[in-house]
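K.L.:
Handing you a structure now.
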Amino acid sequence: MKHPKEEKTFLMIKPDGVKRGLSGEIILRIEKVGLKIIGLKMFKPEEDKVDNHYPKNEEWVRRLGERTKETYRKYGYNMKEEHDTEDVLEMGREVRKWLINFMTSGPVIIMAIKGIHAVEMTRKLVGDTIPSKAELGTIRGDFSIDSPISANRDHRAIYNIVHASETEEEAAHEFQHWFGDSEAVWDYQRSDEMVMFPETKEKK
Ligand code: GDP
Ligand code: MG
């Protein structure tokens, strides 16, 4: 069994985060908690690359559509009037398109992150998808005010600053997708690892 400190995850600072000058703050929070950044790159992603980043399976797209429908219902708006459909799968496909448009609208920063419970810890730092539900102290809770109802009415994705893998399975796919063939992943020893893992043999 590999050492728990070898767990890896993927994070992306979305175009709103980059444009608002929050990159440094986000990097700081990841490093401060003790997670190790082993890859980092800024670029404007191609549509095709983002399309293959987000899952295409019906279950994922349907969940996105269901959430959107639920938001409309909760706030007393009519999804059928706005989008000419009641179908959650169709709605999910539409939101997925908004997401792709948003993620290709400007430069992003991608990060490969490693550490104990990297996936869970990174999600904890990021906070809930919906900024109003994200706890203070999280990246989304501290720096975003967007809401699904506002985003849906303007036919765009929620601007919530960062993307981070939700599960180890998602992390494996996304890590491979963005850093798979690249030489931009590094291993090195952080000074605090000598305190945390004195018994573990390290690579130089
Ligand atoms: P995440 O893992 O917390 O980013 O959330 P999801 O995987 O559920 O959704 C992916 C992204 O789609 C989110 O980060 C939002 O930018 C966007 N999104 C999610 N739900 C909605 C919604 O109901 N309406 C809109 N407009 N965008 C949404
Ligand atoms: Mg997600």
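The values are calculated or read from the model by the stated rules, or taken from the named source; none is laboratory data. This one's a predicted model, so the numbers in the text were calculated from it and none came from an experiment. Cβ atoms come from the backbone with ideal geometry, glycine included; neighbour counts cover every protein chain shown. With ligands, DNA and RNA removed, areas are computed over all heavy atoms of the protein, side chains included. Shrake-Rupley method; radii C 1.70, N 1.55, O 1.52, S 1.80 Å.
K.L.:
Enter the angle in degrees (range 0 to 90, nearest 10) between the Cα long axis of helix 88-103 and the first principal axis of the Cα atoms of the chain, meaning the one along which they spread out most.
P.N.:
With both axes taken from Cα atoms, the answer is about 50 degrees.
K.L.:
What translational diffusion coefficient, in µm²/s and rounded to a whole number, does the Stokes-Einstein relation yield for the range 117-204 at 4 °C and a viscosity of 1.567 mPa s, taking the hydrodynamic radius as the Kirkwood radius over Cα pairs?
P.N.:
83
K.L.:
So what does log10 I(q)/I(0) come out to for the range 1-91 at q = 0.19, 0.23 Å⁻¹, using the Debye formula with one equal point on every Cα and no solvent?
P.N.:
-1.02, -1.10
K.L.:
Could you give me the percent of Cα pairs per 5 Å distance bin for the range 1-46, shortest bin first, beginning at zero and ending with the bin that holds the maximum distance?
P.N.:
Each 5 Å bin holds this share of Cα pairs: 4, 15, 28, 22, 15, 8, 5, 2, 0.
K.L.:
How much length is gained on full extension from D128 to N101, taking 0.36 nm per residue of separation minus their Cα-Cα distance?
P.N.:
Using 0.36 nm per residue and subtracting the Cα-Cα distance, I get 7.6 nm.
K.L.:
Where does the longest stretch of the chain lie that holds no chymotrypsin sites (Phe, Trp or Tyr not before Pro) found in a DSSP loop with 14 or fewer other Cβ atoms within 10 Å?
P.N.:
Result, exposed sites excluded: 78-185.
K.L.:
Let me ask you something else. Between W186 and W60, 0.36 nm times their residue separation minus their Cα-Cα distance comes to what?
P.N.:
42.2 nm
K.L.:
Scaled to the compact-protein estimate 2.2 N^0.38 Å, what is the alpha-carbon radius of gyration of the range 100-144, rounded to two decimal places?
P.N.:
With N residues counted in the range 100-144, Rg over 2.2 N^0.38 Å equals 1.32.
K.L.:
Return the long-range amide H neighbours of V108 (sequence gap of 5 or more, or a different chain), with a cut-off of under 5 Å between placed amide H atoms.
P.N.:
Answer set, sorted by chain and number: F43, K44.
K.L.:
Report, to two decimal places, the Cα Rg of the chain normalised by 2.2 N^0.38 Å (N = number of residues).
P.N.:
Ratio of Cα Rg to 2.2 N^0.38 Å: 1.09.
K.L.:
Distance from a point 7 Å along Cα→Cβ of E120 to each backbone N in the range 22-49: keep the residues under 20 Å and list them by number.
P.N.:
Flagged as within label range: 30-37.
K.L.:
Of the accessible area of the range 49-105, with the probe set at 1.4 angstrom, what percent is carbon plus sulfur?
P.N.:
Carbon and sulfur: 43 percent of the exposed surface of the range 49-105.
K.L.:
Determine the order of M91, M42, M121 by accessible area, beginning with the largest, at a probe radius of 1.4 Å.
P.N.:
M42, M121, M91
K.L.:
Counting other C-beta atoms within 10 Å, and keeping those with at most 16, which DSSP coil trypsin sites (Lys or Arg not before Pro) do you find in the range 1-90?
P.N.:
Those that pass, being in a loop and sparsely packed, are K2, R20, K56.
K.L.:
Given the rule -39500 (n - 2.57) for each run of at least 4 DSSP H residues, summed and divided by the residues of the chain, what is its mean residue ellipticity at 222 nm, to the nearest 500 deg cm²/dmol?
P.N.:
On the way: 11 runs with 97 residues, N = 204.
Rounded to the nearest 500, the figure is -13500 deg cm²/dmol.
K.L.:
For the chain, the longest stretch holding no GluC sites (Glu not before Pro) located in a DSSP loop with at most 13 other Cβ atoms within 10 Å is which?
P.N.:
After excluding every exposed loop site, the longest remaining stretch is 87-134.
K.L.:
Short version: ³J(HN,Hα) in whole Hz for each residue of the range 160-165, in order, from phi by Karplus 6.51 cos²θ - 1.76 cosθ + 1.60 (θ = phi - 60°), x for Gly and Pro, what are they?
P.N.:
With coefficients 6.51, -1.76 and 1.60, one gets 10, 6, 9, 10, 9, 4 Hz.
K.L.:
Using only the Cα atoms of the range 49-105, what are the Rg and Dmax in Å?
P.N.:
When restricted to Cα atoms, the range 49-105 yields Rg and Dmax of 11.7, 36 Å.
K.L.:
What fraction, in whole percent, of alpha-carbon pairs in the range 44-148 exceed 25 Å separation?
P.N.:
Above the 25 Å cut-off, the range 44-148 has 31 percent of its Cα pairs.
K.L.:
For E47 and S150, compute 0.36 nm times the residue count separating them, minus their Cα-Cα distance, and round to one decimal in nm.
P.N.:
Difference between extended and current length: 34.7 nm.
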